Amino acid sequence: QVQLVESGGGLVQPGGSLRLSCAASRSIVSVAVMKWYRQAPGKGRELVAAISSFGTTTYADSVKGRFTISRDNAKNTVYLQMNSLKPEDTAVYYCNALAYALNYWGQGTQVTVSS
């Protein structure tokens, strides 16, 4: 069993930055496809960014150029650096790991962008 724990969410003003972290309880970050999703109130869960075991990254069009996904294999941690935040980025952000054909989810961390 793998546990994912997100942290780093909070309240930030438009134009500000936050860095989310997702720590895994086991050494899977180096072999898993790691993803960040988000879910805004009343909306479905949206894929924000992904990083493969080879380091290939993909982003939703809405966050390209503003968000950066990265990982630290030694720390079993994945990050989401979020810059130039907008009110529409407000959501609960979830970490996801796909490893050995199994899917794992974190509990989510709230990001609120408001003045």
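The values are calculated or read from the model by the stated rules, or taken from the named source; none is laboratory data. Note that the coordinates shown come from a computational prediction; the quantities given were computed from them, not determined experimentally. Positions of Cβ are backbone-derived with ideal geometry, glycine not excepted, and every protein chain shown enters the neighbour counts. Just so you know, the surface numbers come from the protein's heavy atoms only, side chains and all, with ligands and any DNA or RNA stripped out. Shrake-Rupley method; radii C 1.70, N 1.55, O 1.52, S 1.80 Å.
Some points to look at:
- Stretch in the chain that is longest and holds no chymotrypsin sites (Phe, Trp or Tyr not before Pro) that DSSP places in a loop and that have at most 12 other beta carbons within 10 Å: 1-53
- Between residue 103 and residue 7, the modelled label-to-label distance comes to 2.8 nm, taking each label 7 Å out from Cα in the direction of the beta carbon.
- Restricting the range 1-72 to trypsin sites (Lys or Arg not before Pro) in coil, as DSSP defines it, with at most 16 other Cβ within 10 Å: 26, 43, 64, 66
- Nonpolar atom fraction for the chain, defined as the carbon and sulfur part of the 1.4 Å probe accessible area, stands at 50 percent.
- Entry comment: accessible area of the chain is 51 Å² per residue, from protein heavy atoms only and a probe of 1.4 Å.
- Whole-number percent relative contact order across the chain, with pairs defined as alpha carbons under 8 Å at least 6 apart: 37
- Considering only beta bridges that DSSP places wholly inside the chain, some 95 percent are antiparallel.
- For the range 1-114: rounded, prolate or oblate by the Cα gyration tensor [a/c cutoff 1.5]: prolate
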